[in-house]
1. For Val165 and Gln284, compute 0.36 nm times the residue count separating them, minus their Cα-Cα distance, and round to one decimal in nm.
2. What is the angle, in °, between the Cα long axis of helix 62-80 and the longest principal axis of the Cα atoms in the chain? Nearest 10 is fine, range 0 to 90.
3. Over segment 322-363, what lengths in whole Å, largest first, do the semi-axes of the equivalent ellipsoid take, defined as the square roots of 5 times the eigenvalues of the alpha-carbon gyration tensor?
4. Residues of the chain: accessible area per residue at 1.4 Å, in Å²?
5. Provide the solvent-accessible area of Tyr214, counting protein heavy atoms only and rolling a 1.4 Å probe, rounded to the nearest 10 Å².
6. How much mean residue ellipticity at 222 nm does the chain get from its helices, if each DSSP H run of length 4 or more adds -39500 (n - 2.57) and you divide by all residues, to the nearest 500 deg cm²/dmol?
7. Quick one: 3J(HN,Hα) in Hz for segment 359-364, Karplus 6.51/-1.76/1.60 with θ = phi - 60°, rounded, Gly and Pro as x.
8. How large, in percent, is the carbon and sulfur part of the accessible surface of the chain at a probe radius of 1.4 Å?
Amino acid sequence: RALESQSEGQCAPVDSLWRRYSEFELLRNYLSVTYPHIVVPPLPEKRADFVWHKLSADNMDPDFVERRRIGLENFLLRVASHPVLCQDKIFYSFLTQEGGWKEMVNETGFQLKADSRLKALNATFRVKNPDKRFTELKHYSDELQSVISHLLRVRARVADRLYGVYKVHGNYGRVFSEWSAIEKEMGDGLQSAGHHMDVYAASIDDILEEEEHYADQLKEYLFYAEALRAVCRKHELMQYDLEMAAQDLTSKKQQCEELATGTVRTFSLKGMTSKLFGQETPEQREAKVKALEEQIQEGEEQLKSKNLEGRDFVKSAWADIERFKEQKNHDLKEALISYAVMQISMCKKGIQVWTNAKECFSKM
């Protein structure tokens, strides 16, 4: 709901809106293109990955849908708490308008601003003077993604084994129950112990479902790694454009000097053609020099503008990266502590079950 109060005669804001996952994708794509210097919060996964195999990976599974809903809500909260993104008009209309917000997005023409993959790849391999900080950040994001992926795979394997251990305890329950049927004095104790084992075996489903929520917190930073790389790629593109503009300006200055002095420093097909078929007239040369001088002046202005744009980008991007690092350190610390607390709680439940079983055996 909108926080500001409504004036008389104005309609109250809607209480709820239906939004599809694809609409969240459109919103995030718009934010990523419009704010290239910002580490835009990622969306939760559309289909479940890194799950223990007994859990349904169906993207229509109610439990998964609910976790994804929580992830989408977290995305909105991340954007709403960001000092820059929260002020975006498209984001505000996404939250408050039933219809028409998509048209607003398309009117911005953000798709035309999106850089092609080929251009991004070209920039990656052809930048001559990359910024060391962004190069290191790119390597860090790759390593962060690798580490979290490995951690999630290990967690899924542990969960699989834990599931098997718990479910096998159900066999204790069955055996104790069968045994109690043939024992008169020991029967009640064995029956009670079997009941505790059955409860223990059944509890693993809820425990591992709860554990998936902690895994989702780690997955968010798995996807944040790509958001970091996107900022690095944008800087590479800007640096590539800057270097190409500087190279073009240098080339034009050389051409102008050669025309003005009548000397050719480098081999060119055009220069060879002039020697074979006659030199240009002074008037033609003068017109070309004048045109090149205008292009040089325009190129210098463009280069100055690109340099200024690049400095502003680095300043803004690095400020947001520092904000992200602080958020990451806090969130991952909390997630790991919560995960450890959950494991301790789970172990305590196991101790309690066996303590209860011990008491049952003592009373026989």
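The values are calculated or read from the model by the stated rules, or taken from the named source; none is laboratory data. Keep in mind the model is a prediction, meaning the values are calculated, not measured. Don't worry about glycine lacking a Cβ; one is built from the backbone with ideal geometry, like all the others, and counts go over all protein chains shown. Note: areas computed on protein heavy atoms with side chains; ligands, DNA, RNA excluded. Shrake-Rupley method; radii C 1.70, N 1.55, O 1.52, S 1.80 Å.
1. Values: separation 119, 0.36 × 119 = 42.84 nm, distance 8.90 nm.
Extra length available between Val165 and Gln284 comes to 33.9 nm.
2. Tilt relative to the chain: about 40 degrees.
3. On the way: eigenvalues 330, 3, 3 Å².
For segment 322-363, the ellipsoid semi-axes come out as 41, 4, 4 Å.
4. About 63 Å² of surface per residue is accessible.
5. Number for this one is 50 Å².
6. Here the helix-only value at 222 nm equals -27000 deg cm²/dmol.
7. Values per residue, Gly and Pro as x: 4, 4, 5, 5, 7, 6 Hz.
8. 55
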